[in-house]
Amino acid sequence: MGKYLSISLSIAIFLIFGFTLLHNALNAPSFDDYDTTLNFIRRFYYENFGFGIRRDILLSRHNEHRILFSKSTAALYYYLFHEINFTNLVVFQNVFLVGFFALIMATMKEKGLLSAETLLWAAVFLSSLAFWQVTFYYWGGIQHYTVFFFSFLSLFLLNKASRLNEATFLIALLAVIIAVLSFGNGFITLFLGAFLLFAQKKWSLLIVWGSIALGLLLITFLPLPPSVHTASGVAFNAQWMARLLLTFLGSFFYVNPSSGQHINIILCMCIGLFVLLCWIWLFLKGYAFRNPLLYCMLSMPILTGIIISISRFESKAAGGIAPRYMFFSATIPVLLVLIFMEIKILKKEHLKYMGFLGVLLWGIVFFNNYKALVKSNEQIVTTLNNWEKDHTTPLIYYQEAEEFSEILNWAVTAHVISIPDAGKNFTEESERK
């Protein structure tokens, strides 16, 4: 695959992804949006007015983690426009996906690995519909995209920093603070950053980083959240956890087929085992100390997978292919290829053939997941239309109707959102197709 063909395919992938986003972003809430966006707006602007209380609402936990960036963005948008438009918020959150892609390109350039072939390889996995739940719904992308953007930005700048008063170090500290407060896995960056500084023997920076990291860890885990029990109430099962972890680590090869899902999952598990063994092998061979930046970046999604597999073990292998998690795992093949190129296991010539297979994989994933996206949007619109006729309609299929129905009714009555227009517009688009 030639240079100009690779660049052309990369541009085509970006344009298709962007057009799909603009054409299918739905101006309607779903799942966590009822609590973390609409109910948050009510609590923040309509029920509480004191600075201290509003600060506590912004920093309060959602489940076991804090989502400061998600709440702050919604609060600022409502302050500026006096309504919540989920289409605009979804488009905004994808700016961080673009920023993350640019950050990966900057990392490639710094390591002398940026080429048309690596650009295409990154485009295949980072402009994918595999993680459509993150791309198209505010409750996903505003948390997942921001936590990885700020985590990787912090590591990237930390790798450059050499003195305490340098802007790179200060911005790295700010970025990690935002990452930790953006989503539950942000705290991993604290440990990865400490390892990077330790490997580079930047002792003064490590002391300051460690002190701030300790404070952030206390904020993250104290006070201890209430005990969370699984829906099934079953005891922890290490085998189920292993299934989820291995599937997650190889989920970038999941194409969401209409049939043969079990075969695809087994393939993902095999690839996931390979990824895990490579990660351990790289550490044992000393690569983590020779190039801590790329190793720490690769460790971020792998350690995220370990956390998910522990906390969601009861979902077994199926939890590893959940679209809401697959943005995290999409970074694994990109970073692993960069590492293999740096240690000369892979050459640019190999990427020419891999790029062809990657584009084929992207196309299959796009075709299958686009159908899932359209179906999901149609279900959301149908649910909202049914709710308008009958407020006892469950807005979230696995939750009781009363709580979220009351939130949505308040939001519509207070003109925070306009559900009928969102449903009508999407229905018209669906009919035209």
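The values are calculated or read from the model by the stated rules, or taken from the named source; none is laboratory data. Values in this document were obtained by computation on a predicted structure and should not be read as measured data. Cβ: placed from backbone, ideal geometry, glycine included. Neighbour counts: every protein chain shown. All accessible areas refer to the heavy atoms of the entire protein, side chains included, with ligands and DNA or RNA removed. Shrake-Rupley method; radii C 1.70, N 1.55, O 1.52, S 1.80 Å.
Some points to look at:
- The residues of the chain present an accessible area of 45 Å² per residue when probed at 1.4 Å with all protein chains retained.
- Under the criterion of Cα pairs below 8 Å and six or more residues apart, the relative contact order for region 29-183 equals 28 percent.
- Per-residue SASA entry for Ser315, accessible area with 1.4 Å probe, Å² rounded to 10: 50
- Once C-alpha pairs closer than 8 Å and six or more residues apart are averaged by separation and normalised to the residue number of the chain, the relative contact order reads 21 percent.
- Overall, the accessible surface of the chain at a probe of 1.4 angstrom is composed of carbon and sulfur to the extent of 67 percent.
- Each Lys and Arg Cβ is given +1 and each Asp and Glu Cβ -1; about its Cα centre, the chain then shows a dipole of about 1820 debye.
- Across region 373-381, computed HN-Hα scalar couplings (Karplus, 6.51 cos²θ - 1.76 cosθ + 1.60, θ = phi - 60°) run 5, 4, 4, 5, 4, 5, 5, 5, 5 Hz from first to last residue, x flagging Gly and Pro.
- Whichever lysines have a C-alpha closer than 29 Å to that of Lys285, once near sequence neighbours (fewer than 8 apart) are set aside: Lys109, Lys111, Lys160, Lys201, Lys202, Lys344, Lys347, Lys348, Lys352
- Ignoring lysines fewer than eight residues from Lys389 along the same chain, the ones with Cα atoms less than 21 angstrom from its Cα are Lys424.
- Derived scalar couplings ³J(HN,Hα) [region 184-201; Karplus, 6.51 cos²θ - 1.76 cosθ + 1.60; whole Hz; x for Gly, Pro]: x, 8, x, 5, 4, 4, 4, 6, 5, x, 5, 5, 4, 5, 5, 5, 8, 6
- Pairwise centroid distance, computed over Cα atoms, of region 300-379 with region 1-37, Å: 15
- For the chain, the residue among Ile407, Leu384, Gly250 whose Cα projects farthest onto the positive side of the dipole built from Cβ charges is Gly250.
- Region 239-256 - phi-based ³J(HN,Hα) in whole Hz, Karplus 6.51/-1.76/1.60, Gly and Pro as x: 5, 5, 4, 4, 4, 5, 4, 5, 5, 4, 5, x, 5, 5, 9, 8, 9, 6
- Per residue, the average separation of C-alpha pairs within less than 8 Å and at least 6 apart gives region 289-384 a relative contact order of 25 percent.
- For peptides 55-61, 98-104, 171-177, sequence by mean Cβ density within 10 Å, most packed first: 171-177, 98-104, 55-61
- Diffusion coefficient of the chain by Stokes-Einstein, Kirkwood radius over Cα pairs, 20 °C, 1.002 mPa s: 94 µm²/s.
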